1. Looking only at region 196-208, count how many residues are assigned to a strand (DSSP E or B) and either open to solvent by 50 Å² or more (accessible area, probe 1.4 Å) or not aliphatic (A, V, I, L, M) (or both).
2. Identify, please: which residue in region 95-116 is within 24 Å of Pro211 (Cβ to Cβ) and not aliphatic (A, V, I, L, M) and is, among those, surrounded by the fewest Cβ atoms within 10 Å (Cβ to Cβ)?
3. Out of all the residues in region 120-130, is one or more over 20 Å from Ala301 (Cα atoms) and open to solvent by 80 Å² or more (accessible area, probe 1.4 Å)?
4. I'm trying to understand the selection: among the residues of region 144-195, which are part of a loop (DSSP other than H, G, I, E, B) and surrounded by 15 or more Cβ atoms within 10 Å (Cβ to Cβ)?
5. Can you go through Tyr126, Tyr37 and tell me which one is of a type in the set (Ser, Thr, Tyr) and touching a residue at least 60 places away in the same chain (Cβ under 8 Å)?
6. On the given criteria, is Arg70 open to solvent by 40 Å² or more (accessible area, probe 1.4 Å), within 22 Å of Lys286 (Cβ to Cβ), in a helix (DSSP H, G or I) and of a type in the set (Lys, Arg)?
7. Taking Cys111 as meeting all but one of (1) assigned to a loop (DSSP other than H, G, I, E, B); (2) modelled with pLDDT under 90; (3) over 30 Å from Val22 (Cα atoms), write down the number of the exception.
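The values are calculated or read from the model by the stated rules, or taken from the named source; none is laboratory data. Everything quoted here is computed from the prediction, not taken from an experiment. Positions of Cβ are generated from backbone atoms using ideal geometry, with glycine treated the same way; all protein chains shown enter the neighbour counts. Note: areas computed on protein heavy atoms with side chains; ligands, DNA, RNA excluded. Shrake-Rupley method; radii C 1.70, N 1.55, O 1.52, S 1.80 Å.
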Amino acid sequence: MIEKNDGSDDMDSKHLITFITVARLLHFGETARTLNYSQSTISEHIHSLESYLNVKLFERIGRKVFLTDRGKIFLPFAERMVREAEAARQAFREDVVFAGSIVVGAAETLCAFWLPPLLKRYRTLYPQVQVNLKVGNCIDFPQWLQQNSIDVAFGLQDEAGQPQLRQKSLFSGKTVLVAAPQHELATGKTRSVQQLNGQTFLLPEGYCGYPVDLKHLLEKERIEANTILEFGSLESIKQCVKYELGISLLPEIVVQEELQRGELAVLPVAGLDIPIQAQMLFHRDKWMSPPLLALENVILADEGRAAEVR
């Protein structure tokens, strides 16, 4: 039975860090060695948190430690509070040095229209930080983060089911099916999905986001493509579509200029509603250095401004 909190306990960052570490290691002794505390201090920290929250966070079965359901619910809150406390502390430190390097993994789609201006803003604010960009497929990002070959990833794949990752949804957008203006389907008339039968599709390569969603839709509707060609560059896809080598599903913002100039045309298709959703991913065990925290803040601040405009 948890005693009702009388207001004497605090939920300070040391207690939260202890809770997060026990939740990961599921071992009080190992947590004590990791944090350089005595095991009794670890127990005191957890008891203090449980008293403050008036819930049981862990349970012991034999020699094993398990998170309770309430503990699982509290874990992401604790992680967020620790991150925000560290970000606030760093923001007001006069001696913090924003130097070094960070490695950013990103989907080619996001590199084509969204990420460059943000990286430019970041470099303007923190010129001493070297930013290395590694373009890849979304399916590779969890492994790259696990291997610490990148510090942060920007992708189009929902990784909420991977507990070792911390995911932040950034923005959503729409996709459009495009073709050359002289294409047989480019009449402005809304088509059915079945009328895409026999078409050649030009898509970004990799198992990631909206191209996969389109493939699933075609399979569900039993649409047989003439062929599906995959490209590593969105610019290559747009050029091939212009030369009538096929049709493509692309983010609307990527083809806005070509649509305005009349170089590409939208093919309206009933039931073809495939959005894109950008995600920012970190490994939960990643140390958030001042340059990395600053990048996260630049990205989130930009999304806050975009939300205000919308």
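1. Kept after step one, since they are assigned to a strand (DSSP E or B), are these residues of region 196-208: 200-204.
Checking which are either open to solvent by 50 Å² or more (accessible area, probe 1.4 Å) or not aliphatic (A, V, I, L, M) (or both) leaves us with 200-201, 204.
Residues that pass the stated criteria total 3.
2. Filtering first and then ranking leaves Pro116.
3. Checked against the condition, which is being over 20 Å from Ala301 (Cα atoms) and open to solvent by 80 Å² or more (accessible area, probe 1.4 Å), region 120-130 yields at least one hit.
4. Within region 144-195, Ile150, Asp151, Leu156, Gln157, Glu159, Gln162, Ala180, His183, Leu185, Ala186 qualify.
5. The unique qualifying residue is Tyr126.
6. In short, no.
7. Going through (1) assigned to a loop (DSSP other than H, G, I, E, B); (2) modelled with pLDDT under 90; (3) over 30 Å from Val22 (Cα atoms) one by one, Cys111 breaks only (1).
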